[in-house]
Amino acid sequence: PRAVYERDLVRYRARVWITAPALVRTVLLDERERYRKLSSIRLLGPLLGRGLLTSEGAEWKWQRQAAAPVFRQADLLRLVPGFVAVATRLVERWRARPGVQAIDVDTTRATLEVISSTILPSTDARLASVFERSMATFQRAAGWGILYASTGLPWWLPRPGMLSSARAIAALRHATHRLLDERRAAGEREDLLQRLRLARDPDTGRSMDDTRLVDNLLTFYLAGHETTARALAWTLFLLSRFPEWAEKLVREISSVTGGAPVGAGHIERLVLVQQVIKESMRLYPPVPLLSRQAVADTTLGGAPVAAGTSVVMPIYVIHRHTKRWERPDQFDPTRFAPENEAKMPRYQYMPFGAGPRICIGRAFAEIEAAAILATLLRHARFSPVQGHAPEPVARVTLTPGGGMPLKVALLT
């Protein structure tokens, strides 16, 4: 509702939308024990089981501790050549078939290739097609799943896409079991899967069985590539509409790299590149909403909240709220100049979530997006396709309705 873009709290039946940073902090941090991820677990549980994204409490904590060392900043910067190689291969595919490109499809394939060649290596060429096809099916059906979960309708109630979603989930989990078997046969390797296999619950001493390993592999495969793919696609869409900003980035990239391929030492110095990506994720956050459910009667911002109430934090709306932002619908990367970003309330901008459960792969995604975007802009320019304006559609991620075709002009 339009009121959500203008007010701090809006109630509708058993649902409450909150947009004020202080209220979001209350739910995600200060009083987080009063709120649980019930609708998220219901929506994603069949796909992701009881992995990092869908577990809670002590079960979540030890899984996060097991995965955290893989995402140290210094280690992630060593992956930059791999990110650049993937982007370079994408440019070469564009050279082989010049003209209008399906940018949303290309960024999805590129980021899946990144995951498959870095933190979760695989040599199974079939995995990419299974993930791409099955995740697209799951996304199409997710709108109804989100509606049913957030309004408390029974999970078993028939809905459009129910059977196709179940088949997609089965295909994704089967493909991930294959990956696990492949890696087990290949022997030990220092990567995310190996850390998960060696992890032990500090309270029980138990390790992850195959089902839990698949839960977490799927979590990192899908969360790790889908969100970054969306961020890159929407960023290229914005740059196609604002070529003056594209030229500013090209000049910065040339100055920082001296014409050489993007390297680990360049990422921090690509200031404007990072500002543009952040502003893109403000306007088009890859995850468009977060939700929690009150587990007992409580109050929020002085308003009574009954047990079972769905508390929705619409990230898309928070990022465009009339009380939080000047010209909220305008593309303005200077919002994220260091001196401006430093003044921003923590819970006003959160494309990666916030609180203890902030996305574990945030640094990975930020470095990957900067390296890929800078590499693409070294070789290509993007412009709109006349008559086509992709509409943001809220599913598990913010997808471009009708796809994201852009004209790609490659430099010699």
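The values are calculated or read from the model by the stated rules, or taken from the named source; none is laboratory data. Predicted model only: the values in this text are computed from it and were never measured. Using ideal geometry, Cβ is built from the backbone for each residue, glycine included, and neighbour counts are taken over all protein chains shown. Just the protein is used for accessible areas: all its heavy atoms, side chains included, with ligands, DNA and RNA removed. Shrake-Rupley method; radii C 1.70, N 1.55, O 1.52, S 1.80 Å.
A few comments on the model shown:
- Residues listed by number, the range 339-366, amide nitrogen under 20 Å from E268 label point at 7 Å toward C-beta: 339-342, 362-366
- Sequence-separation-based contact order of the chain, relative, with Cα cut under 8 Å and 6+ spacing, percent: 29 percent
- Reach of K37 by Cα under 21 Å, taken over lysines that are not fewer than 8 positions away in the same chain: K61
- Near S383: Cβ cut-off under 15 Å, other residues only, Lys/Arg at +1 and Asp/Glu at -1. The net charge is +1.
- Percent accessible area from carbon and sulfur atoms, the range 1-121, protein chains only, probe 1.4 Å: 56 percent
- Dipole magnitude of the chain about its Cα centre (Cβ charges: Lys, Arg +1; Asp, Glu -1), debye to nearest 20: 640 debye
- Computed with a 1.4 Å probe over protein heavy atoms only, the accessible surface of the chain comes to 43 Å² per residue.
- Heavy atoms of H174: accessible area, 1.4 Å probe, square angstrom to 10: 110 Å²
- P(r) tail for the range 91-175: Cα pairs beyond 19 Å make up 53% of the total.
- Share antiparallel - DSSP beta bridges, the chain, percent rounded to 5: 85 percent
- Here is what passes the span test in the chain: the DSSP H helices with alpha carbon length of 15 Å or more along the helix axis and a Kyte-Doolittle mean of -1.0 or above are 80-96, 103-117, 126-151, 162-186, 210-241, 243-257, 271-283, 362-379.
- Cα-based reach from K278 at 18 Å (exclusive), listing lysines while leaving out same-chain residues under 8 positions away: K248, K343
- The chain: most fluctuating residue of G259, G143, G302 per GNM, C-alpha cutoff 10 Å: G302
- Largest mean-square fluctuation among T227, T219, T298, in a Gaussian network model of the chain whose springs join Cα atoms under 10 Å apart, belongs to T298.
- The share of accessible area on the range 224-373 that comes from carbon and sulfur is 56 percent, using a 1.4 angstrom probe.
- Among I358, I119, I18, the largest mean-square fluctuation in a Gaussian network model of the chain (Cα springs under 10 Å) belongs to I358.
- Distance-filtered residues of the range 349-372 - backbone nitrogen under 16 Å, label point 7 angstrom along K323 Cα→Cβ: 349
- When all protein chains stay in place and ligands, DNA and RNA are ignored, the 1.4 Å accessible-area order of L77, L192, largest first, is L77, L192.
- Placing dummy labels 7 Å off each Cα toward the beta-carbon, the span from A260 to W155 is 5.3 nm.
- About the Cα centre, charge dipole magnitude for the range 284-404 (Lys/Arg +1, Asp/Glu -1 at Cβ), debye: 60 debye
- Distance between modelled label sites at R395 and R346, nm, 7 Å Cα→Cβ extension: 3.4 nm
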